[in-house]
Amino acid sequence: MTGVAGAVIDLAAVAVLVVGIAGLWRRDLRALVGLLRIQGVALALVAAATAATQHDVGLGVTAVLVVAVKAGVVPTLLGRVARSDPGARESAPLINVPSSLVLAAALVGLAVIVGAPLHALEPGRAAALAPLGLATVLAGYLLLVTRRRALSQVVGLLVIDNGVALMTFLLTAGVPLIVELGGSLDVLLVVVVLRALLGTMRSRLGNVALDELRELHD
Amino acid sequence: MALLLAGFGVALAAVAGGALAPRRSRVLWANALTALAGVLVGGEAITALVTGTTPHAHTGALLPLSGASLRLDALGASLEVTVALVVTSAALFSIGYAHGASTSRPAVALQAAFALGLLLVPAAGDAVTFLAAWEAMAATSLALLLVEHDRASARSAAVWYGAMTQAGAAAITLGLLILVAAAHTTSFVGMAAADVRGPAAVVAFVATVAGFASKAGAVPLHVWLPRAHPEASTPVSAMMSGAMTALGLYGIARVDLGIVTAIGRWWWVGVLVVAAASALYGALHAATATDLKRLLAYSTIDAMGLGLIGLAAAGELRAGGAPRAAATLVVGVLILLGAHGAYKTLLFLAAGLVERTTGTRNLDLLGGLAGTMPRTASLVTLAVASAVGVPLAAGFVGEWLEIEGLVAGLARRDPGGVAATLLGLVALALASGLTAVAMVKLLGIGFLGRPRSEGARGAREPRGIVTVALALPALATLALGILPGPALAVAERAVSDLGGTGVRGLRGSIGGIAVGASASALRPLALLAGVVGAGLVLRAVARVGVRSVRRTVAWACGRRELSARMQYTATSFAEPVQRVFADVLRPDVDVTLTHEDESRDIERVLAYQSSVADAVESGLYRPLVRGADALGRRARALANGSVHRYLAYGLLALLAVLVVLR
């Protein structure tokens with residue numbers, strides 16, 4: 001592993017996690033979508049740097065794919081939803097921002113402790129970073145659980161997906177291209193469906209805060 | 001092997017025919033092809049039995065990881081003959097019988113798929129293929145119950161059946177997985193050679209016996225059976241009763257006698273107690289039931305209970321050092337299953353014809369059908385004879401062998417074992433007696449005497465292929481009853497498939513069969529010759545001795561005219577039995593007295609109503625269902641409709657898993 005590529009992997013992997021945690025901090029929905037875009041770029045950097053060190057063409061293609069889907073199409077689609085309701089904010093999350101950040105710190109700690117054995121799977125510098133992916137998954141999950149806005153929850157879901165992707169890149173130097181392709185298409189499909197759903201919900205119910213939908217149960 | 005594969009191919013084509021053919025020819029295509037598949041598969045099974053070969057095939061495709069594997073050894077082949085007979089008869093019957101909802105595209109295709117599943121189960125050579133075939137059989141039969149889903153009783157029967165069959169399949173899967181894990185192979189042959197022992201064997205034994213026994217309708221896992229059989233269409237209930245329940249016992253023979261050989265004998269004694277209870281329970285309910293199909297359903301529980309007594313006693317005897325008696329029992333059970341498949345199919349199909357032409361299944365409203373439907377009545381008489389165990393019919397051979405095996409098991413110096421065997425023998429005797437009551441009621445009340453309703457009076461003999469479908473099992477019943485020797489000789493080889501020693505001492509020939517050194521023998525041909533000879537002699541004597549012939553109504557106590565109300569009804573015929581066993585049956589009897597207006601002393605109408613509900617269902621399952629329901633209601637507090645709460649559950653579960661697996 002060359003020094004530059006190694007440093008890029010280190011930085012980009014940390015960036016994925018930091019951006020994921022920043023998602024807990026920002027309340028502006030458009031800013032959230034922007035964060036998602038940055039996370040996609042960071043993830044693609046990890047993939048590209050890994051591809052460069054291992055001379056893996058498939059992984060390089062995957063990196064391009066990640067940029068296209070996770071930093072391109074998906075944030076653009078979500079951005080349109082966010083723009084249609086300018087000034088929309090996550091006004092009252094279930095857990096307030098400072099507490100969320102403290103919880104996120106605890107989750108990162110847990111991920112590091114729990115993820116330590118992952119290093120044993122594949123000794124190497126990249127695998128040692130794998131707990132970052134786990135931490136990103138947990139941060140995304142926290143976003144999913146504590147936010148009321150439907151859009152923030154979609155972002156949470158995507159952060160989880162990015163965390164899983166980060167782990168696969170770091171641990172196995174990427175899954176086969178076809179699997180990654182399938183995964184990306186899945187995410188894209190989910191986003192398209194959710195976007196359509198959000199549009200319909202807004203046109204029928206106005207403001208979309210999931211807690212107000214409780215009467216639909218049973 | 002070619003015939004077998006061709007048979008399965010044709011059965012698949014039958015499913016496709018049912019799904020794709022146009023409405024008019026759908027029933028014909030699907031059922032004709034199913035019947036052909038039955039003939040092909042049955043032909044392969046008979047060939048394998050006669051030549052002593054074991055056709056087998058394996059493909060890496062079709063099923064993941066282990067692939068699909070077919071193997072038709074003597075045990076599987078003997079069952080396969082029974083299944084093929086039942087499937088062929090039911091399919092031929094459907095051609096002339098299907099109407100209304102059962103001619104719909106899904107119904108016809110599902111019936112063909114059910115037949116395919118039934119044919120596949122005995123031919124499966126490894127656990128994975130077996131489970132796949134089993135599930136195909138269970139799932140299609142469940143869907144077939146819902147063909148007439150606009151009836152509430154059909155829906156309720158499907159819920160019961162669905163719950164029981166899925167729980168049973170889960171138990172079987174668990175048991176087989178344990179065995180596969182312990183034996184490191186999925187093939188039945190390899191699993192049998194692995195000799196699994198210890199706690200794994202016990203858990204696998206209990207799980208598979210429970211799962212298979214629920215399919216065979218063993219008490220208290222039988223509750224689905226009396227609901228499902230009357231609700232399914234006639235050919236389907238014939239297949240369910242004649243073939244599917246028999247496959248439950250096949251599973252016990254294959255897995256628990258054949259693979260879990262190291263199990264302690266007292267486990268088998270436990271199974272024996274359950275078997276005795278279900279034989280008696282089924283026979284009692286059959287004796288008191290008035291609905292024709294319900295009677296037949298309970299009689300299935302009874303017959304399967306008798307079979308299970310045989311298998312359980314065989315397991316106990318083998319573990320207790322009496323392998324010969326055990327082998328005799330296994331052969332007896334195999335013959336009993338064949339006989340049951342034949343006569344029960346015939347009876348169910350005949351019940352469908354009776355219901356079609358009279359519009360009722362209630363025995364209290366039938367009667368006199370022997371006059372209007374003579375062909376059907378004579379075939380039913382033969383089936384009833386087989387069910388009761390009259391010599392020259394197939395059922396007798398099976399029961400005789402089973403009794404021989406049990407009696408041989410008494411000759412041991414082991415009080416516990418002897419007591420267990422004795423229990424089986426006593427249950428067998430009592431259940432046989434009660435079966436006789438039920439079957440005599442079916443024949444006597446339903447077909448003899450005078451019609452009790454307009455519907456019964458207007459009954460018509462059906463024509464065409466349905467009669468052929470009824471004649472097929474009748475022929476098999478007679479053939480097996482008169483010439484049991486060859487069948488015995490081939491069924492005997494099945495014992496060695498179960499890891500038992502050869503029977504040696506059980507001899508079958510054209511002339512008859514013989515058991516043991518005591519040379520206890522059954523010679524149906526000689527009996528037949530004797531009966532025919534005696535009949536001829538009597539006839540000759542009657543011609544010589546009697547000058548004038550006067551025809552009169554028999555059993556009329558001297559009266560010329562008898563009305564329908566003077567005869568026994570099904571309810572009154574069973575009343576003594578119901579009274580004696582009231583503690584077990586808990587009948588709900590209702591007597592209403594209406595008086596004349598002028599005087600309270602003159603009774604006008606005395607109405608007697610009695611209904612027997614299933615005591616196990618009301619006593620065991622109702623509280624169970626209520627408890628589960630209450631638990632479910634309380635659990636609703638966990639799910640209050642908040643998305644965030646559900647997501648939080650997910651996160652907490654993930655964290656818990658992470659911490660635990662660290």
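The values are calculated or read from the model by the stated rules, or taken from the named source; none is laboratory data. Given the structure is predicted, the values throughout are model-derived calculations rather than measurements. All Cβ positions, even for glycine, are placed from backbone atoms using ideal geometry, and neighbour counts span all protein chains on display. Accessible surface areas use protein heavy atoms only, side chains included; no ligands, DNA or RNA. Shrake-Rupley method; radii C 1.70, N 1.55, O 1.52, S 1.80 Å.
Quick notes on this structure:
- Residue A:83-residue B:194 FRET efficiency (beta carbon distance; Förster radius 60 Å; 0.05 resolution): 0.35
- Three semi-axes describe the equivalent ellipsoid of region B:1-127; taken as square roots of 5 times the Cα gyration tensor eigenvalues and ordered largest first, they are 27, 16, 10 Å.
- Sorted largest first, extent of region B:354-408 alpha carbons per principal axis (Å): 48, 20, 15
- In degrees, nearest ten, helix A:177-205 long axis to first principal axis of chain A (Cα): 10 degrees
- Using bins of 10 Å that start at zero, the share of Cα-Cα pairs per bin across region A:3-216 amounts to 9, 35, 34, 17, 5, 0, in whole %.
- Alpha-carbon Debye profile of region B:122-249, log10 I(q)/I(0) at 0.11, 0.14 Å⁻¹: -0.40, -0.62
- Residues in region B:284-299 that a label on residue B:153 would reach, taking backbone N under 12 Å of a point 7 Å out along Cα→Cβ: B:290-295
- Fraction of alpha-carbon pairs over 47 Å apart in chain B - percent: 18 percent
- Shielding value for B:636-648 is 4, the average number of Cβ atoms from other chains within 10 Å of each residue's Cβ.
- Lysines whose Cα lies under 23 Å from that of residue B:215, excluding same-chain neighbours fewer than 8 positions away: B:293, B:344
- Peptides B:277-285, A:191-199, ordered by how many other C-beta atoms sit within 10 Å of their residues on average, highest first, read B:277-285, A:191-199.
- Taking only Cα atoms of region B:616-660, radius of gyration then Dmax in Å: 16.3, 45
- Only DSSP H runs of four or more residues enter the estimate; each adds -39500 (n - 2.57), and after division by the residues of chain B the mean residue ellipticity at 222 nm equals -22500 deg cm²/dmol.
- Across region A:57-93, no residue has a backbone nitrogen under 13 Å from the label position 7 Å along the beta-carbon direction of residue A:38.
- Of the peptides B:83-92, B:460-469, the ranking by mean beta-carbon count within 10 Å, highest at the top, reads B:83-92, B:460-469.
- Length released on extending from residue B:557 to residue B:62, taking residue separation times 0.36 nm less the Cα-Cα span: 171.3 nm
- Kirkwood hydrodynamic radius (C-alpha pairs) into Stokes-Einstein, region B:348-446, 10 °C and 1.306 mPa s, D in µm²/s: 103 µm²/s
- In nm, spacing of pseudo-spin labels at residue B:440 and residue B:607 (7 Å Cα→C-beta vector): 3.1 nm
- Shape call, region A:63-114: gyration tensor on alpha carbons, a/c limit 1.5: oblate
- Heavy-atom accessible area buried between chains B and A is around 1500 Å² (1.4 Å probe, both sides summed).
- Treating r as the C-beta distance of residue B:426 and residue B:656 and R0 as 41 Å, the FRET efficiency rounds to 0.15.
- Accessible area of the protein assembly as shown divided out per residue, in Å², using a probe of 1.4 angstrom: 43 Å²
- The orientation-averaged projection of the convex hull spanning the C-alpha atoms of region B:265-547 amounts to 16.7 square nanometres.
- Residue-span extension gain [residue B:630 to residue B:177] - 0.36 nm each, minus C-alpha spacing: 159.8 nm
- Sorting B:260-271, B:613-624 by their mean Cβ neighbour count within 10 Å, with the most densely packed peptide first, gives B:260-271, B:613-624.
- Cα convex hull volume per residue for the protein assembly as shown (Å³): 237 Å³
- Net length available on complete extension from residue B:542 to residue B:584 is 10.3 nm, with 0.36 nm assigned per residue and the Cα-Cα distance removed.
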